[in-house]
Amino acid sequence: MPHSAPDSYPRRGFPPRSTALPEMATAVIILNEEREVEYVNRSAEELFEPVDPHGCTMPVLLASCGARGGEEMFADHVSGQDAEGTCRLRLVDERLLDCTSRRLSNGGYVLSLDDVTEHVRNAELANHDALTGLANRKIFRERLSERLADARQSGKPVAVLYLDLDRFKAINDTLGHPVGDALLRKVAGRLTGALHPDDLAARLGGDEFAVLQSGSEQPASAQALAARLVDLIGRTYALEGHTLNVGASVGVAIAPQDGYEPDTLLRHADLALFRAKADGRGAYRFFEHGMNDRIQARRLMEIELRRALALKQLRLVYQPQIHLASNAISGFEALIRWETPDGRVVPPSEFIPLAEEIGVILPIGEWVLRTACKQAAAWPDSVAVSVNVSPAQFRTGRLVETVASALARSGLPAARLELEVTEGALLEGSDAVTRTLATLRQMGVRIAMDDFGTGYSSLSYLQKFPFDRIKVDKSFVRGIDRNSHRLPIVRAIVTLAAGLGMETMAEGVETEAELACIRAEGCDGVQGYLTGCPLSPEAATALLAPSRPLSSTGATE
Ligand code: C2E
Ligand code: MG
Ligand code: MG
């Protein structure tokens, strides 16, 4: 039998499990010791259609079909911490599944998933949110319908304020759910304290709140309340020995001008909230017609990106990195590309920020690491691979395991992997990030600081962490032979790096004159269109064949 299933049966008279398992109404998934899906029964297959779960890890599978939840449990799988676990998953169509996981004797896991949507919905029929005591979504919607019906008669405006906490998830993840819950209760307290007796506050779920306001002075009343809420909720909290700061963003929609239907008004307030978050959080925005189109386009891209991951539309190209003393290829930087079904190649600048925002960067980053390590293992021993790592990958706390697993599976020695980090990663929770970097470095992985000089405080990070290499950003390299201001900057960076025992690599070298300057300044390496454009894996490998001269690095991705 191909799979190792739960071992408590068969007993005499039971059908053999190979017949029973596919037929079971409960969805069953079996993960192998690599935490990849090895088996799904029919019920499980139906849940994830059209994505084929085979070979995916659970985080990749869930991200591919837009499902949420289970992060902690699946992280525990990787560390092998808990033999049993449960979690709740929310599918993209809002169905809720309770997932139970048990470790198998072969090191794999068996997961069973039960649809609990109806059960949970019934429980929600009660009117109040159990955690905060505020009205729940059902009541809020009912009151909104009533007020809108009144407003149709009276002509008085009704405002909906949609409120969402900024970075609440990080607090929940780092300090635990009890602190997260206590924070939500405090937020609810501040929220109700700011309202007029006629207003209604509700918790719609998670860290989302809404207010129904019927003051006749609109939009002035809504504006005053939104500003007050952003200020009040953004003030410091003292909770269980922690001092916490969490911001709030608010979206506002007002009937009649923004819609008379409850769902339209709610959706428009949500779009305005989305805008407030996109504009930098800790702010409020009013709905404007036209937000719809822009945000719809983004949401469409979000769906396409999740599908791209599932349908394998992502690929890596490899840009040569040249060691200047020997003129030899010392490594390649792996750069991601998204090829859409209509043949368009989307550059990372267009989708990595979105992928970071919606969390898809985690399965993407994992895939990039695995693919790049596997590819590099086929190259000569002297050739390394550099992989870009997003700030979000540090936040999961799982980067070390992901890197270790990519190295182990590919057989690539750690010293041939370099991780490129930007200031964005270092800015957030710098102690935890520094510890992660130190662990990776102890494993033998090299760490490079990417785009050096473009951030606010690149210099201060150099004393916090001993990078192996500094990549001088292309903005300082472009036209260095002609621009009298760039040369001294590059010279200073090279001197600084040498003093700290770090190597330097100049990015974006496009002309012979730039190369000559960079060489004269003593940079250790270069990477740019002059010495090699990003190449397909096949072209990169061919370039490493002993007979190929360096000058033949064509622009074939
Ligand atoms: P980066 O890490 O600084 O990568 C170098 C970028 O400069 C690449 O753009 C590369 O194609 C481009 N480049 C190289 N030589 C030249 C040159 O001579 N002239 C000019 N004008 N450009 C040159 P690309 O591939 O569009 O990547 C842009 C950024 O996207 C990367 O900047 C990196 O921050 C991010 N990125 C790319 N792949 C990944 C990935 O797998 N994961 C993550 N998290 N980020 C990625
Ligand atoms: Mg890079
Ligand atoms: Mg760079």
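Quick note: the coordinates plus some simple rules give every number you see, no bench work behind them. Remember, predicted model here, so these are calculated numbers, not experimental data. Quick reminder, even Gly has a Cβ in these numbers, built from the backbone with ideal geometry, and neighbours come from all protein chains shown.
Its DSSP H runs of at least 4 residues, each contributing -39,500 (n - 2.57), put the calculated 222 nm mean residue ellipticity of the chain at -13000 deg cm²/dmol, to the nearest 500. Taking amide H atoms as placed 1.01 Å from N in the peptide plane, the amide H of Ala328 lies under 5 Å from those of His323, each 5 or more residues away in sequence or on another chain. Please return the longest stretch of the chain lacking exposed loop sites, where trypsin sites (Lys or Arg not before Pro) count only if DSSP places them in a loop and at most 12 other Cβ atoms lie within 10 Å. Result for the longest clean stretch: 13-234. Within straight-line reach of Lys471, meaning a Cα separation under 15 Å, sit the following aspartates and glutamates at least 8 residues removed in sequence or on another chain: Glu333, Glu418, Glu420, Glu423, Asp450, Asp451, Glu503, Glu507, Glu521, Asp524.
Indicate the gyration tensor shape class of segment 371-468 (rounded, prolate or oblate), computed on the Cα atoms with a ≥ b ≥ c the square roots of the eigenvalues: a/c under 1.5 is rounded; otherwise a/b larger than b/c is prolate and the rest oblate. Prolate.
Cross-link partners for Lys186 among the aspartates and glutamates, with Cα-Cα distance under 17 Å and sequence neighbours closer than 8 places in the same chain left out: Asp129, Asp164, Asp166, Asp207, Glu208, Asp231, Glu240. Placing a pseudo-label 7 Å from each Cα along the Cα-to-Cβ vector at Glu46 and Arg315 gives an inter-label distance of 3.7 nm. With a ≥ b ≥ c the root eigenvalues of the C-alpha gyration tensor of segment 21-119, is it rounded (a/c under 1.5), prolate (a/b larger than b/c) or oblate? Taking the square roots of the gyration eigenvalues as a ≥ b ≥ c, segment 21-119 is rounded. For segment 126-289, the share of DSSP beta bridges that are antiparallel, to the nearest 5, is 85%.
In order along segment 207-216, the Karplus-derived 3J(HN,Hα) couplings, from 6.51 cos²θ - 1.76 cosθ + 1.60 at θ = phi - 60°, round to 9, 9, 10, 9, 10, 10, 10, 10, x, 7 Hz, and Gly and Pro are given as x. Using R0 = 30 Å, the C-beta based FRET efficiency linking Ile295 and Ala414 works out to 0.10. Relative contact order, whole percent, for segment 21-119 stands at 27, derived from Cα pairs under 8 Å and 6 or more residues apart. Close amide-amide hydrogen proximity is noted between Ala27 and Leu113, each under 5 Å apart and 5 or more residues distant or on a separate chain (H modeled in the peptide plane; Pro and chain starts excluded). Of interest is the spacing of the C-alpha centroids, which for segment 19-62 and segment 349-414 amounts to 25 Å. The lysines within cross-link reach of Lys277, meaning a Cα-to-Cα straight distance under 18 Å and a gap of 8 or more places when in the same chain, are Lys169.
Between Arg152 and Ser382, the simple label model (points 7 Å from Cα in the Cβ direction) yields a spacing of 7.9 nm. Of the beta bridges in the chain, as assigned by DSSP with both residues counted there, near 70 percent are antiparallel. Its Cα gyration tensor gives the chain an equivalent ellipsoid; the semi-axes, largest first and in whole Å, are 45, 34, 21.
The slack in the chain from Glu72 to Asp98, taken as 0.36 nm per residue of separation less the alpha-carbon distance, amounts to 7.9 nm.
Every Cα-Cα pair of segment 197-321 was included, and the share exceeding 25 Å stands at 40 percent. The longest stretch of the chain left intact once loop-based chymotrypsin sites (Phe, Trp or Tyr not before Pro) with at most 16 other Cβ atoms within 10 Å are removed from consideration, loops following DSSP, is 1-259.
Farthest towards the positive end of the charge dipole of the chain, among the residues Pro353, Val120, Ala325, is the Cα of Ala325, using unit charges on the Cβ of Lys, Arg, Asp and Glu. Using the Stokes-Einstein relation with a Kirkwood hydrodynamic radius computed over Cα pairs, the translational diffusion coefficient of segment 126-289 at 25 °C and a viscosity of 0.890 mPa s comes to 155 µm²/s.
Given the options Ser460, Ser79, Ser249, identify the residue whose Cα lies farthest towards the positive end of the charge dipole of the chain (+1 on Cβ of Lys, Arg; -1 on Cβ of Asp, Glu). About the Cα centre, the residue reaching furthest to the positive side is Ser460.
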